[in-house]
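Taking it in order: structure first as structure tokens, then the write-up.
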Amino acid sequence: MKGIFSLLIIVVLLVLAFAVGSQNESVISVNYLIAQAQLRISTLIAVALTIGVIIGFLIMLTSWLSLRLQLTTTRSRLKKALKEH
């Protein structure tokens, strides 16, 4: 249930960000390390937000996988300890 609630909040925030971004139609110059591009502010906001969400998700996923591995290991140790007694 908590996961669904978190996903719903993320989707609402993304929709809100895209709605705000769509109101910003000015074109700006973005300088990358090796290139330069002319982008609308709405596009830049959307790209930056999407990249941020993906990075956050990947960080959360690595943490979750680490905890899941630890849980599995602990459960197997507990099962082995209970068999010995």
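The values are calculated or read from the model by the stated rules, or taken from the named source; none is laboratory data. Not measured: the values here are computed from a predicted model. Backbone-built Cβ (ideal geometry, glycine too); neighbour counts: all protein chains shown.
Could you list all residues from region 32-73 that are loosely packed, with under 10 Cβ neighbours inside 10 Å and within 23 Å of Val20 (Cα to Cα)?
The one that is loosely packed, with under 10 Cβ neighbours inside 10 Å and within 23 Å of Val20 (Cα to Cα): Gln38.
So which of Ser66, Ser76, Ser29 ends up being of a type outside the set (Phe, Trp, Tyr), at pLDDT 90 or above and in a strand (DSSP E or B)?
On inspection, the qualifying residue turns out to be Ser29.
Restricting attention to region 12-26, does a residue exist that is part of a helix (DSSP H, G or I), surrounded by 10 or more Cβ atoms within 10 Å (Cβ to Cβ), of a type outside the set (Phe, Trp, Tyr) and modelled with pLDDT of 90 or more?
yes
For Leu82, state whether it is surrounded by fewer than 10 Cβ atoms within 10 Å (Cβ to Cβ), part of a loop (DSSP other than H, G, I, E, B) and not hydroxyl-bearing (Ser, Thr, Tyr).
No, not satisfied.
In region 32-49, how many residues are assigned to a strand (DSSP E or B) and touching a residue at least 12 places away in the same chain (Cβ under 8 Å)?
2
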